[in-house]
Amino acid sequence: MTIAATRVLGIDPGLNITGYGVVDYAATGDVALVEAGILRGGDAKLELGQRLKSLGDGLADVIASLHPTVVACEQLYSHYQRPQTAILMGHARGVLCMTAAQAELRTFHYSATQIKRVLTGNGRAPKSQMQLAISRHLHLEQVPEPPDVADALAVALCHCYLAEVKSRGGRPEQQPVEKTP
């Protein structure tokens with residue numbers, strides 16, 4: 001009897017550009033890239049509601065075409081010097097989470113430092129190190145571009161690896177998993 005893979009949709013939320021990455025995670029621990037790309041919130045001149053609708057519609061299309069079984073989303077982090085940015089990001093993230101919920105998908109949330117720690121062992125890893133780690137984990141010939149796509153794939157991979165640790169009876173919040181090709 002073959003056990004079906006879990007299809008994880010990773011999301012790096014943003015109002016202008018939202019990265020998404022879909023991976024299949026098998027019970028054997030193998031992870032395979034299905035698709036990755038970006039969703040655009042539209043021109044900054046558009047009304048906020050229209051931009052948010054564009055993101056929600058785009059994510060609904062991804063969900064309808066790729067049939068993920070779970071969603072992993074990066075939590076927001078914002079500097080206190082830019083509260084307006086944090087508010088706008090919160091709107092975008094809210095619409096993306098709502099779209100996943102409307103599709104009856106469970107959403108898991110991970111901080112950027114947790115994602116970096118799981119994939120590289122360093123919670124403060126730079127983007128370039130993250131892109132290389134993602135390339136290695138997914139056996140890609142090139143680093144994922146733009147960075148929003150790499151970030152979304154990192155969220156999806158983080159969820160897969162933490163789910164693996166948890167399934168083995170570990171404490172995922174304290175056990176980063178380093179996969180080697």
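Quick note: the coordinates plus some simple rules give every number you see, no bench work behind them. Quantities reported herein were computed from a predicted structural model and do not represent experimental measurements. Note that we place each Cβ from the backbone using ideal geometry, even for glycine, and neighbour counts take in every protein chain shown.
Here are some values of percent of Cα pairs over 27 Å apart: (1) 24; (2) 59; (3) 46. Which one was computed from this structure?
Entry (1).
According to the square roots a ≥ b ≥ c of the eigenvalues of the Cα gyration tensor, what is the shape class of the stretch 38-111, taking rounded for a/c under 1.5, prolate for a/b larger than b/c otherwise, and oblate for the remainder?
Here the stretch 38-111 falls in the oblate category.
Can you give the % of DSSP beta bridges in the chain that are antiparallel, to the nearest 5?
In the chain, approximately 65 percent of DSSP beta bridges are antiparallel ones.
Using Cα pairs under 8 angstrom and six or more residues apart, how large is the relative contact order of the chain, in percent?
Relative contact order here is 26 percent.
Write out the trypsin sites (Lys or Arg not before Pro) in the stretch 104-156 meeting two conditions: DSSP loop, and at most 13 other Cβ atoms within 10 Å of their Cβ.
For trypsin sites (Lys or Arg not before Pro) across the stretch 104-156 that sit outside H, G, I, E and B with at most 13 neighbouring Cβ atoms in 10 Å, the list reads ARG106, ARG124.
What's the local net charge at PRO147, with K and R +1, D and E -1, over the other residues with C-beta under 14 Å away?
Combined, the nearby Lys, Arg, Asp and Glu give -3.
Mind pulling the angle between the C-alpha long axis of helix 83-102 and the longest principal axis of the chain? Nearest 10 degrees, somewhere in 0 to 90.
Orientation of helix 83-102: about 60 degrees from the principal axis.
Bins of 10 Å, beginning at zero and ending with the bin holding the largest distance: percent of Cα pairs per bin for the stretch 79-127, please.
Histogramming the stretch 79-127 at 10 Å steps yields 23, 31, 40, 6 percent.
Quick one: angle between helix 147-167 and the longest Cα principal axis of the chain, in degrees between 0 and 90, rounded to 10, please.
That works out to roughly 40 degrees.
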